[in-house]
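The values are calculated or read from the model by the stated rules, or taken from the named source; none is laboratory data. Everything quoted here is computed from the prediction, not taken from an experiment. With ideal geometry, Cβ positions are generated from the backbone for all residues, glycine too; neighbour counts draw on all protein chains shown. Ligands, DNA and RNA are stripped out before the accessible areas are found, and what is left, the full protein with its side chains, is counted by its heavy atoms. Shrake-Rupley method; radii C 1.70, N 1.55, O 1.52, S 1.80 Å.
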Amino acid sequence: LISSLSASSATRAEVDVTIPEGYTIDQIFHLLEEKGVATAEDLQKVAAEHDYNFSFLKEIPLGDYKRLEGYLFPATYTFYTPHDPLYAINKMLVNFDARFTAAMREEVLAGGKTIHEIVTIASLIEKETDGTDHKKIASVIYNRLNTNGETAGLLQIDAILAYLNGGKVPTEADKNIDSPYNTYKYK
């Protein structure tokens with residue numbers, strides 16, 4: 001009852017929030033918290049636990065809020081303050097779903113990849129580039145995925161180390177971080 005009353009309150013404000021390209025899910029949630037939309041903790045909980053009804057999320061298991069990494073589409077959104085975290089996240093996922101066209105989905109599947117693989121690779125490219133060399137970086141990634149030998153499948157991307165160490169410049173020691181996302185250790 002209290003939630004419904006506050007949701008329809010005339011004193012409830014709206015805020016426009018611009019999600020920049022390349023922001024991580026943590027950066028997005030902290031920005032939404034800073035703007036009064038919802039707490040980062042509530043957003044993380046909903047992202048981890050809610051089974052959003054989008055085909056591109058069906059194969060991604062619940063339990064870790066970072067499962068939505070790359071799917072919260074960068075754009076400017078209008079939110080209430082406060083906004084239900086479930087609906088705030090849903091708004092960004094609806095935008096991703098609308099912009100990832102049927103033709104794009106068919107192209108991904110025809111290439112033998114999943115949407116999740118393509119979103120992951122696109123996220124890696126975004127973090128590795130200054131915006132001028134997307135094709136070159138994509139080529140390097142696919143070459144590393146398709147080579148034979150001791151480094152086959154090891155992407156060895158420094159941007160992932162920065163993601164794992166909280167955004168700092170990666171060091172040699174970071175190459176030993178024990179995480180399934182560490183592409184220096186795991187394929």
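A P(r) calculated from all alpha carbon pairs of the chain, with 10 Å bins opening at zero, reads 8, 31, 35, 19, 6, 2, 0 percent. Surface composition of the chain: carbon and sulfur make up 53 percent of the accessible area, probe 1.4 Å. Here the range 34-138 is treated as a sphere whose radius is the Kirkwood value from Cα pairs; by Stokes-Einstein at 25 °C and 0.890 mPa s it diffuses with a coefficient of 162 µm²/s. By the helix-only formula, in which each DSSP H run with n ≥ 4 contributes -39500 (n - 2.57) and the sum is divided by residues, the chain has a 222 nm mean residue ellipticity of -13000 deg cm²/dmol. Here the chain is scanned for GluC sites (Glu not before Pro) in DSSP loops (not H, G, I, E, B) that have at most 11 other Cβ atoms within 10 Å, and the longest stretch holding none of them is 60-149.
Which net charge results when you count Lys and Arg as +1 and Asp and Glu as -1 among the other residues whose beta-carbon is under 15 Å from that of residue 134? That works out to -2. Short to long, the 10 Å bins of the Cα pair-distance histogram for the range 109-164 hold 22, 53, 24, 1 percent of all pairs.
Please calculate how many Å² of accessible area the chain carries per residue, with a 1.4 Å probe and no DNA, RNA or ligand atoms counted. Solvent-accessible surface per residue comes out at 60 Å². For the range 77-141, dividing the convex hull volume of the Cα atoms by the residue count gives 123 Å³ per residue.
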